[in-house]
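Shown next, in structure tokens, is the structure this report addresses.
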Amino acid sequence: MAEITAKMVSDLRNATGLGMMECKKALVEADGDLAKAEEILRIKSGAKASKMAGRVAAEGIIGSFVAGGVGALVEVNCETDFVAKDPTFIALVTAAAQAVVEANPADVEALSAVVIDGQSVEDIRKAAIAKLGENMTIRRFVRYETDGAIATYLHGAKIGVIVDFKGEEQIGKDVAMHVAASKPICVSKAEVSADTLEQERKIYTAQAAESGKPADIVAKMVEGRVNKFLAEVTLLGQQFVKNPDITVEKLLAEKGASVKAFAMFVVGEGIEKKVVDYAAEVAAAAKL
């Protein structure tokens, strides 16, 4: 049997919001498998899907650049929030976003070789490191080229959204802001993967079965939950953040607009930052 550590219990609590003992029991039942334990808790308690993927655990900023029908978001990381606010670091992020738009690099490695104003992005990065004394990495980028329009929204430089849309400029801005606030995973339910739907259906079926109701009622309960899930995770199905009385789909229809695609970056999303226990370090040093 796998050893259940305090960190494992803490991680599961953060993911589900449930009690320590519930989480520990689920981890024991799952033999230490965090994903399996979360599934067990969701079935037993109706807990929502994991929030762990959105935890911010690194410093840096999101940058954007738009030129005509081409736009880009880029995430660049550094070690401290202090450096993330420095003009030299911000200039590196801007240069990287501009290079993505102008050169359409295949990946981060190719982006590093792009030349902007006589300097490669890699040279700009190295110069910033030399000046500010921190490691800096260009983590990821997304680029849209469209016959429609591009809208971007930056929330404090920690959350960035880019939208490929057709319609008035204001509708693009509103949709970008909505995405940042409501965090849909895709535009429409047709884009939700079969694997994701199967997993959700499996959990809802197990939950409904515990109600003891007839099979036909259980089937209706499951379909109702699936439809609710699709409304929650799709842009078109969500209630518009500036007017919850209508969905985004209805808003777009009223404005004669449409959304082809969107992307959202959160600084440090999915990166685990090392937590330093300074008290323990001091205690250990005192024993030397």
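The values are calculated or read from the model by the stated rules, or taken from the named source; none is laboratory data. Remember, predicted model here, so these are calculated numbers, not experimental data. Because the Cβ atoms are built from the backbone with ideal geometry, glycine has one as well, and the counts that use them run over all protein chains shown. Surface accessibility is based on the protein's heavy atoms, side chains included, excluding ligands, DNA and RNA. Shrake-Rupley method; radii C 1.70, N 1.55, O 1.52, S 1.80 Å.
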*Could you list all residues from segment 176-190 that are part of a helix (DSSP H, G or I) and touching a residue at least 60 places away in the same chain (Cβ under 8 Å)?*
Ala176, Met177, His178, Val179, Ala180, Ala181
*When segment 191-202 is examined, which residues are found to be buried (at least 17 other Cβ atoms within 10 Å of the Cβ) and either in a helix (DSSP H, G or I) or of a type in the set (D, E, K, R) (or both)?*
Glu200
*Kindly indicate the residue of segment 203-258 that is polar (S, T, N, Q) and open to solvent by 50 Å² or more (accessible area, probe 1.4 Å) and also farthest from Ala190 (Cα to Cα) among those meeting that condition.*
Ser211
*Evaluate the following for Lys173: is it modelled with pLDDT under 95 and not in a loop (DSSP other than H, G, I, E, B)?*
no
*For residues that are in a helix (DSSP H, G or I), under 11 Å from Gly32 (Cα atoms) and touching a residue at least 24 places away in the same chain (Cβ under 8 Å), scanning just segment 1-20, find the one that is least open to solvent (accessible area, probe 1.4 Å).*
Leu12
*Tell me, which residue of segment 64-78 that is open to solvent by less than 10 Å² (accessible area, probe 1.4 Å) and within 18 Å of the chain's Cα centre (by Cα) is farthest from Met264 (Cα to Cα)?*
Val76
_Residue within segment 125-138 that is buried (at least 19 other Cβ atoms within 10 Å of the Cβ) and assigned to a strand (DSSP E or B) present_ = yes
